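Visitor: Here you go, one structure.
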Amino acid sequence: MITEIIDKEKQSKLNPEEVLKELMAGNQRFTQAKMHERDYSSQIEKTKGGQWPQAVVLSCIDSRVPVETVFDQGVGDIFVARVAGNFENTDILGSMEYSCKVAGSKLVMVLGHEGCGAVKAACDHVELGNITHLLKNIEPAVEATKTDGERSSKNDSFVADVVENNVKLSIERIREKSPILKEMEKNGEIKIVGGVYSITTGKVTLL
Ligand SMILES: [Zn+2]
């Protein structure tokens, strides 16, 4: 039973490579049904005075991608920013800068996922209320994706490629729009990585 949390000292000894390894190991525990048992009451008690998370994950809102669970992480372990289609915007960039520069996280992960409804809607150029505006953020990935087949959500391999491109382009824009994160990455203080979660297997694959 895990009662430990990441405290300031523990966080300061972590490096981006180790944090990435731990998240991927956590994902393996998740897919192999070997997840840590946690004493959440104890973790709540120990984190009430502050937080020193090891990573920030930018994920889709999809209910099939419960981020802490798929990486087998507990209370106080990771920050999670979520928006349909897992793209960055000013507020999310600010959240990531807070996570890394202020709160000491060592890893930024952009996590797309298989069968993403937001990506599918962007592929189909859906227009509906505020969704129209949201989908504009995914359009560059749709435009950047080549296919010999149909350019719509009916084409599974096209959708899968747009999911990947959307993660890659989000990472490029994070570096472009956040001099803080770019500098931290250059100094080796953080790593910025992308992954895709399979809703079929529960596995995260790094890009
Ligand atoms: Zn999604």
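The values are calculated or read from the model by the stated rules, or taken from the named source; none is laboratory data. Here the structure is a predicted model, which means the values were calculated and not measured. With ideal geometry, Cβ positions are generated from the backbone for all residues, glycine too; neighbour counts draw on all protein chains shown. Ligands, DNA and RNA are stripped out before the accessible areas are found, and what is left, the full protein with its side chains, is counted by its heavy atoms. Shrake-Rupley method; radii C 1.70, N 1.55, O 1.52, S 1.80 Å.
Visitor: Take Gly149 and tell me if it is over 18 Å from Gly85 (Cα atoms) and among the small types (Gly, Ala, Ser).
Guide: On the way: over 18 Å from Gly85 (Cα atoms): yes; among the small types (Gly, Ala, Ser): yes.
In short, yes.
Visitor: Next question. With respect to Gly112, is the statement that it is small (Gly, Ala, Ser), crowded, with 20+ Cβ neighbours inside 10 Å and within 28 Å of Asp156 (Cβ to Cβ) true?
Guide: Considered against the rule, which asks whether it is small (Gly, Ala, Ser), crowded, with 20+ Cβ neighbours inside 10 Å and within 28 Å of Asp156 (Cβ to Cβ), Gly112 comes out as yes.
A quick yes/no check of all residues on (1) open to solvent by 20 Å² or more (accessible area, probe 1.4 Å); (2) more than 15 Å from the ligand (Cβ to nearest atom):
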| site | (1), (2) |
| --- | --- |
| Trp52 | yes, yes |
| Ala55 | no, yes |
| Arg64 | yes, no |
| Val67 | no, no |
| Val70 | no, no |
| Gln73 | no, yes |
| Phe79 | yes, yes |
| Phe87 | no, no |
| Thr90 | yes, yes |
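Visitor: Just name the residue that is nearest to the ligand (Cβ to nearest atom) out of those in the stretch 95-126 that are closer than 30 Å to Glu4 by Cβ and free of Cβ contacts under 8 Å to residues at least 24 places away in the same chain.
Guide: Tyr98
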